[in-house]
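The values are calculated or read from the model by the stated rules, or taken from the named source; none is laboratory data. Everything quoted here is computed from the prediction, not taken from an experiment. Don't worry about glycine lacking a Cβ; one is built from the backbone with ideal geometry, like all the others, and counts go over all protein chains shown.
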Amino acid sequence: MISKKELLKDSLVCVILDRETLEKSMMLRTAEKALRGGADMIQLRDKRSSTIEVIETALALRRLTKRYGASLIINDRVDAAFAVDSDGVHIGRSDLSLKTCRELLGPGKIIGASAASLNDARRAKAIGADYIGVGPVFRTPIKASAKACGIGLLKKVRALRIPIMAIGGIDSCNISVLTESGFRSVAVIRAVLLSKDPLAATKKLKEAITR
């Protein structure tokens, strides 16, 4: 079995299937295209659907990610993560507490946390997060009111010696800003979900990181 540490190290491109951005009917089709393009991790973020609907989608995604050797993370919905035996969960600053998630899921599952400041990151590490999603790195319509943290915050959080995943406004045009500073793990939404060709968009991001 792959350890959490190894899994996170290999997770270079995480595609977030955000229900606010993508129609439910497009979820699985887009996920498979992203996986074919080289996505290492799929994160399901659905705060609109019922529990049973989220579980149904998560089950289908679990089958897909296993087929492509990728991992599946469920955003916020610990019940769905538990039901489908996902690789873990990601919690925002206003979601269920990390401590509660760990008690429910056990030590073997990945728990990621969001951070928009160094204090957020320190707090997440202190209570046991396995990785931290740091951002928004660049301005993004998905969090229009949030100020972009830029590369500076990523560098500060890197000093905490915990796996980090850059998120927020990242696309093939600006990803070099991250790779040139040694950041090789990104989470994207619009760059893939709103692309005319999700497979090609994912492949382009992956190639930018690995070349």
>> Quick check on the range 121-133. Is at least one of its residues touching a strand residue (DSSP E or B) at 6+ places or on another chain (Cβ under 7 Å), of a type in the set (Phe, Trp, Tyr) and either at pLDDT 95 or above or not in a strand (DSSP E or B) (or both)?
In response: yes
> Which residues, taken from the range 12-32, are modelled with pLDDT of 95 or more, among the charged types (D, E, K, R) and more than 19 Å from GLY169 (Cα to Cα)?
Replying inline: ARG29, GLU32
> Name the pairs whose Cβ atoms lie under 6 Å apart, with the first residue in the range 157-171 and farther than 23 Å from VAL192 by Cα, the second of a type in the set (D, E, K, R), and 6 or more positions between them or separate chains?
Replying inline: LEU160/LYS125; ILE162/LYS125
> Considering only the range 27-79, how many residues are closer than 27 Å to THR210 by Cβ and either outside any strand (DSSP E or B) or aromatic (Phe, Trp, Tyr) (or both)?
Replying inline: 24
>> Based on this model, can you work out whether ILE42 counts as within 13 Å of the chain's Cα centre (by Cα), within 22 Å of VAL188 (Cα to Cα), modelled with pLDDT under 95 and hydrophobic (A, V, I, L, M, F, W, C)?
In response: no
>> I'd like the residue in the range 80-114 that is in a loop (DSSP other than H, G, I, E, B) and among the polar types (S, T, N, Q) and, out of all such residues, is modelled with the highest pLDDT.
In response: SER86
> Among the residues of the range 183-199, which ones are among the hydrophobic types (A, V, I, L, M, F, W, C) and either over 17 Å from ILE151 (Cβ atoms) or at pLDDT below 95 (or both)?
Replying inline: ILE189, ALA191, VAL192, LEU193, LEU194, LEU199
> Considering only the range 142-153, how many residues are buried (at least 21 other Cβ atoms within 10 Å of the Cβ) and either over 19 Å from ALA191 (Cα atoms) or modelled with pLDDT of 95 or more (or both)?
Replying inline: 1
> Of all residues in the range 1-54 being surrounded by fewer than 18 Cβ atoms within 10 Å (Cβ to Cβ) and among the small types (Gly, Ala, Ser), which is farthest from GLU207 (Cα to Cα)?
Replying inline: SER50
> Using beta carbons and a limit of 7 Å, which pairs, at least six apart or on different chains, have the first residue in the range 46-57 and under 10 Å from ALA80 (Cβ atoms) and at pLDDT 95 or above and the second one among the polar types (S, T, N, Q) and surrounded by 11 or more Cβ atoms within 10 Å (Cβ to Cβ)?
Replying inline: ASP46/THR57
> Is at least one residue of the range 192-209 among the aliphatic types (A, V, I, L, M), within 14 Å of the chain's Cα centre (by Cα) and in a helix (DSSP H, G or I)?
Replying inline: yes
